[in-house]
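The values are calculated or read from the model by the stated rules, or taken from the named source; none is laboratory data. Fair warning: this is a prediction, and the values are worked out from it, not measured in the lab. Neighbour counts are summed over all protein chains in view; Cβ atoms, including those assigned to glycine, are modelled from backbone coordinates with ideal geometry. Just the protein is used for accessible areas: all its heavy atoms, side chains included, with ligands, DNA and RNA removed. Shrake-Rupley method; radii C 1.70, N 1.55, O 1.52, S 1.80 Å.
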Amino acid sequence: AAAVAAAATAALAGSGTGKAPVVRDSRGAFALIWALVSLMFGLLSFANDQLDECIGRVWTAEGLLLEDSPWVGQRMLLGMVYLIAGVVQAAKNAWIKAGVNFVRSLRYIREFSEGLTYQGPEQSIVRSFALFFLGLFNLVLSMLPPHLLRVASRAGGESLQGNRETAIELLSTCRIEEGLMAPFAVVVLLCYYISIKTYLGEETSAADMATSEELLSWALERFPGSAVFGYWRTELHSALQEIKEASRSVEGVHEVLAHLHLPAIDSFLEQKKAYLNISLLEWKAAANGCERSLAVSMARKRRSYVPFLSYLAGLSRLLDGDLEGFRENFDRIAQYRKLRKWNWPPEDDLAFHKRKEYASATSPSSLCALLDIIEVSMLKLHILHTMPDDTKWQLERLLADTSWCETQQDANCSTAPQDPLAVPEEAARVWLFRAELARLLRREEDARRHALAGLEIVPKLGPRGTSNGTGATLLLTLVILGSREHLKAFDKCPRPCRAFDEALRFKYLGVGKAAAAAASEEGSRNETPDSPRHNTETEDWPQEEEFFSAEEDCIDPCGPMQQTEGEAGSTDMQQGNDSGTNSTSQRKDHSNVGKTYVWASKGAAKAWRGLSKAVTTVSHSVIEVGSSVPPMLGSGSSNSPSSHLLHVEALRQQADQGDCSLVFVPPPHRQATREEVLAYLRWAQWSSLRGMPRQEALRRYTALLQHPC
């Protein structure tokens, strides 16, 4: 894969032949591949400081790319440089810097459509690159919440509208044309058909499985022995409930990659084997797989996911009747909880939380262990649907008749109630899992009856039931079964623990969009009452909204005004702009950036309401500001209309630099100084020209100089 990527990227910067030889500087392309490959092997080998090393190499690639002459391939690679930088910085929790680079990458990515029609020596490579990344970005955008999708679509231009059908078409075309990015397009398509649709709560059809089989046949014919496509063969077997075949496939992948001695791969594949054994209810084999996986991490002094794997191994040991193995794994969770680490993954937080619940009980309950492992399989591992139908029936019988757990409870001297219905949290989960199993077995009436029975118990749930997200999951199950009226109640549900909240929000997004589409088909074109939460706030978004930027470091978004001799006040005005920008920086530097799109979307809508209300306040200041605006450009007198002068200056900035990099500035408050108001008006004038080509801005600027008002 790295070799193909290197060839593709180098070709984007490579040389051409013909009557007029084209000279390209390919150093930047190879530097970018150098950064990517080092990052990949750094992560897979559990190397220390691999992110810092990668970001340094990314900036080396940027510098070399900027030394090349401008052309579409160079712009594409620059877009990828800033995107990769943003991803790495986000992984380091440097959200502000990540946002800056995501915005910078968008300037280039939105022009990738130029590569679809590029004519030149590198045409096939450029087109394949453009098809792949436009398809990939549109697919990612299509999974954004409605509020963020509208913002991202408008910011991304015509080529990035977040249309899923367009994304699949672009990726399919990339594969059909068999360019250098075709194998990567196949990987993304396989991920969509086999995994993403399930995460979104959508049904995978027989046509999806047939398409996946066709894609894999195409890939394995051209890349025999590929570990990547061998792994996706494993995933396809799992999706088809062919667990034994999936186990043999993952063993084959492990053999292919064994000589690389990459601990991250070893750990990941051992986890996959454990999950396949969970799908067959083979508890001892599942526990062994989890313990082998966490042993790899412990040997490399890696702490993340060790508690979560210990949690799965402990539950499996308990269900296998190995009480000593259960206690050993849960003692490990307690030991890791004492370590000094502030950024534990959500899965590890779940293990810490559950360990407290088991520690407070007199003795562990096998029924609770079964419910917990089904819960993780459904909401986090997404493997409940991969269980063979006979295993689902077996699980259904275990939940319907809980007398099997009495023997183990007696052996452990448990004082917990034997009847699960006596505890609301356990009773609600039993009904939830029975409903989900019935749905997967296509017994929709039974599934709906079980879900409604569980929903009746939800008001009785305590903090433990809230943390499990049982009520929210029951509502989503009913919506999937066709009861769209329950979607509204999802927003009123208390938020569960982090591990389940992320999964439920993602599933809610897919289910909500499907419900909105179904309502639209029924004739609700102007209003869809069952659609997700964006309906109540649609009016908050004007037709020409601007977008939130993370570029806090921009001191003056419009650049300095040209000064004439004897001009005064420019320094004060610059300081006022600095103050406004610093205020923006402080306002945007939230520690919980990215935790929930609800906060972001509501905050953005509120900002726009404030902006519209501030227009009147700002307009009253224009006359007052006009008297203080110095002559600009030498084309007008000091008593020229201030709006005209600001517009001329904005045209000059647009012609010189293109779109303003700072895409949101808070409007001035009522006590703002004239300098602060002027700084805001300068930004507003330039920002209003967003999307105007530089040539057009230069033409209008020249015309206004020749014929001033």
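A few points about this structure:
- Residue in region 355-369 that is in a helix (DSSP H, G or I), in contact with a Pro (Cβ under 8 Å, 6 or more places away or on another chain) and surrounded by fewer than 19 Cβ atoms within 10 Å (Cβ to Cβ) present: no
- Leading residue by the ranking (most open to solvent (accessible area, probe 1.4 Å)) among those in region 154-173 that are within 17 Å of residue 109 (Cα to Cα), assigned to a helix (DSSP H, G or I) and of a type outside the set (Val, Ile, Thr): 154
- Close pairs from region 392-408: first assigned to a helix (DSSP H, G or I), partner of a type in the set (Gly, Ala, Ser) and modelled with pLDDT of 90 or more, Cβ under 7 Å, at least 6 apart: 408/321
- Meets criteria (touching a residue at least 60 places away in the same chain (Cβ under 8 Å), in a helix (DSSP H, G or I) and open to solvent by 30 Å² or more (accessible area, probe 1.4 Å)) for residue 704: yes
- Meets criteria (touching a residue at least 12 places away in the same chain (Cβ under 8 Å) and assigned to a helix (DSSP H, G or I)) for residue 128: yes
- Pairs, first closer than 12 Å to residue 302 by Cβ in region 339-350, second part of a loop (DSSP other than H, G, I, E, B) and of a type in the set (Gly, Ala, Ser), C-beta under 9 Å, six or more apart: 341/304; 345/304; 348/304
- The numbered conditions (1) modelled with pLDDT of 85 or more; (2) within 23 Å of residue 142 (Cα to Cα) are all true for residue 458 except (2).
- Considering 505, 495, the condition of being farther than 19 Å from residue 382 by Cα and not β-branched (Val, Ile, Thr) is satisfied by 495 alone.
- Filter result (open to solvent by 20 Å² or more (accessible area, probe 1.4 Å) and at pLDDT 85 or above) within region 50-68: 55, 56, 57, 59, 60, 62, 63, 64, 66, 67
- Annotation: of all residues in region 138-169 being modelled with pLDDT under 75 and polar (S, T, N, Q), the one that is nearest to the chain's Cα centre (by Cα) is 153.
- Flag if residue 46 is assigned to a loop (DSSP other than H, G, I, E, B) and either small (Gly, Ala, Ser) or modelled with pLDDT under 80 (or both): yes
- Those residues of region 174-205 which are open to solvent by 30 Å² or more (accessible area, probe 1.4 Å) and assigned to a loop (DSSP other than H, G, I, E, B), in sequence order: 178, 180, 202, 203, 204, 205
- Residue match in region 462-474 (condition: within 22 Å of the chain's Cα centre (by Cα), open to solvent by 40 Å² or more (accessible area, probe 1.4 Å) and closer than 20 Å to residue 373 by Cβ): no
- Considering region 206-276, the qualifying helices (runs of 4 or more DSSP H), each wholly inside and each with 2 or more residues that are farther than 25 Å from residue 385 by Cα and open to solvent by less than 30 Å² (accessible area, probe 1.4 Å), run over 206-222.
- Residue in region 324-343 that is modelled with pLDDT under 95, at positive phi and surrounded by fewer than 18 Cβ atoms within 10 Å (Cβ to Cβ) present: no
- Of the residues making up region 113-132, those that are closer than 16 Å to residue 169 by Cα and either of a type in the set (Val, Ile, Thr) or buried (at least 24 other Cβ atoms within 10 Å of the Cβ) (or both) are 128, 129, 130, 131, 132.
- Enumeration of residues in region 215-232 that are at pLDDT 95 or above and charged (D, E, K, R): none
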